[in-house]
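Participant: Mind looking over this structure? Questions follow.
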Amino acid sequence: MDEVDVVDGVRGLDRRLLSVLHAHGADPRVAAAARGLSGVGEHGLLWLAAGLAGAAADRRRRGVWLRGTALTAGAHLASMGVKRVVRRPRPAHVEPLVRTAGRHSFPSSHASSAATAVAVVIVVAHGASPGAPLVLAAATAPLAAAMCLSRLVTGVHYPSDVAAGVALGALTARLGARWVVRGHG
């Protein structure tokens, strides 16, 4: 099996998985939820708002929340930069359920900001109280996963776009974690 066969195989799998997940959007309830999640995730809006709310509510750790919010915004911007380089077109074999801000799909910016936000919430909560990271992760991670899935159900990303976005978000969080918590134990 040569390299071209592997690439073609991955592309075919990407298309088939997207088609299967996108088909769930035929259910009006699923479509409405996917559209809603895609909408609040545009430009990382949900995660940025949550970070700013955390900064407003937790005065003692305001700087940590604000740096975490900035890191989440940074992940979104990094994904946009990668999109400009890779320039992968959005899926054309399915009818999208939402409009998009751009024409390129790799990586998913929604997934990048969602993955970074989950990691940031865990890092920020770590110093708050012993059980806080687990509780906040239990609340945030499923929402982030649902947002990532919404990009497939709405037909605007291939699964590999979402996987790459999650990887980029996780890498961003890993690289920025010390900066986020600097000065706090």
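The values are calculated or read from the model by the stated rules, or taken from the named source; none is laboratory data. It should be emphasised that the depicted structure is a prediction, and the values quoted were computed from it without experimental measurement. Cβ placement follows ideal geometry from the backbone for every residue including glycine, while neighbour counts extend to all protein chains displayed. Remember, those area values only see protein heavy atoms, side chains included, never the ligands or the DNA or RNA. Shrake-Rupley method; radii C 1.70, N 1.55, O 1.52, S 1.80 Å.
Participant: Which one of these is surrounded by 16 or more Cβ atoms within 10 Å (Cβ to Cβ), farther than 19 Å from Ala173 by Cβ and within 15 Å of the chain's Cα centre (by Cα): Ala34, Ala78? Talk me through it step by step, then tell me what you get.
Facilitator: Numbers: Ala78 fails: farther than 19 Å from Ala173 by Cβ.
Testing whether each residue is surrounded by 16 or more Cβ atoms within 10 Å (Cβ to Cβ), farther than 19 Å from Ala173 by Cβ and within 15 Å of the chain's Cα centre (by Cα) leaves just Ala34.
Participant: Sticking with this structure for a sec: Would you confirm whether any residue within the range 2-18 is open to solvent by 80 Å² or more (accessible area, probe 1.4 Å), within 27 Å of Thr172 (Cα to Cα) and under 18 Å from the mean Cα position of the chain (by Cα)?
Facilitator: So far as the range 2-18 goes, no, none of its residues is open to solvent by 80 Å² or more (accessible area, probe 1.4 Å), within 27 Å of Thr172 (Cα to Cα) and under 18 Å from the mean Cα position of the chain (by Cα).
Participant: Restricting to the range 41-89, give me the number of residues that are β-branched (Val, Ile, Thr) and touching an Asp or Glu at 6+ places or on another chain (Cβ under 9 Å). Even if it seems obvious, please write down each step before you answer.
Facilitator: Restricting attention to the range 41-89, the residues satisfying the condition of being β-branched (Val, Ile, Thr) are 64, 69, 72, 82, 85-86.
Applying the additional criterion that residues be touching an Asp or Glu at 6+ places or on another chain (Cβ under 9 Å) yields 64.
The number of residues fulfilling the criteria is 1.
Participant: Would you pick out the residues in the range 153-185 that are assigned to a helix (DSSP H, G or I), open to solvent by 50 Å² or more (accessible area, probe 1.4 Å) and touching a Lys or Arg at 6+ places or on another chain (Cβ under 8 Å)?
Facilitator: Across the range 153-185, the qualifying residue is only Trp179.
Participant: Return the residue satisfying two criteria in turn: it lies in the range 85-103 and is more than 16 Å from Leu168 (Cα to Cα) and free of Cβ contacts under 8 Å to residues at least 60 places away in the same chain, and of such residues it is surrounded by the most Cβ atoms within 10 Å (Cβ to Cβ).
Facilitator: This residue is Thr100.
Participant: Being β-branched (Val, Ile, Thr) and over 16 Å from Ala146 (Cα atoms) is true for just one of Val40, Val86. Which residue is that?
Facilitator: Criteria check complete, one pass: Val86.
Participant: For the range 127-152: of the residues being modelled with pLDDT of 75 or more and either small (Gly, Ala, Ser) or touching a Lys or Arg at 6+ places or on another chain (Cβ under 9 Å) (or both), which is farthest from Asp58 (Cα to Cα)?
Facilitator: Filtering the range 127-152 for residues modelled with pLDDT of 75 or more gives 138-152.
From what's left, either small (Gly, Ala, Ser) or touching a Lys or Arg at 6+ places or on another chain (Cβ under 9 Å) (or both): 138-139, 141, 144-146, 150.
Working: Ala138: 20, Ala139: 18, Ala141: 21, Ala144: 22, Ala145: 26, Ala146: 27, Ser150: 30 Å.
Among those residues, the one meeting the criterion is Ser150.
Participant: Condition check: within 21 Å of the chain's Cα centre (by Cα), part of a helix (DSSP H, G or I) and not charged (D, E, K, R). Does Gly68 satisfy that? Outline the logic, then answer.
Facilitator: Values: within 21 Å of the chain's Cα centre (by Cα): yes; part of a helix (DSSP H, G or I): yes; not charged (D, E, K, R): yes.
Spelling it out, Gly68 is indeed within 21 Å of the chain's Cα centre (by Cα), part of a helix (DSSP H, G or I) and not charged (D, E, K, R).
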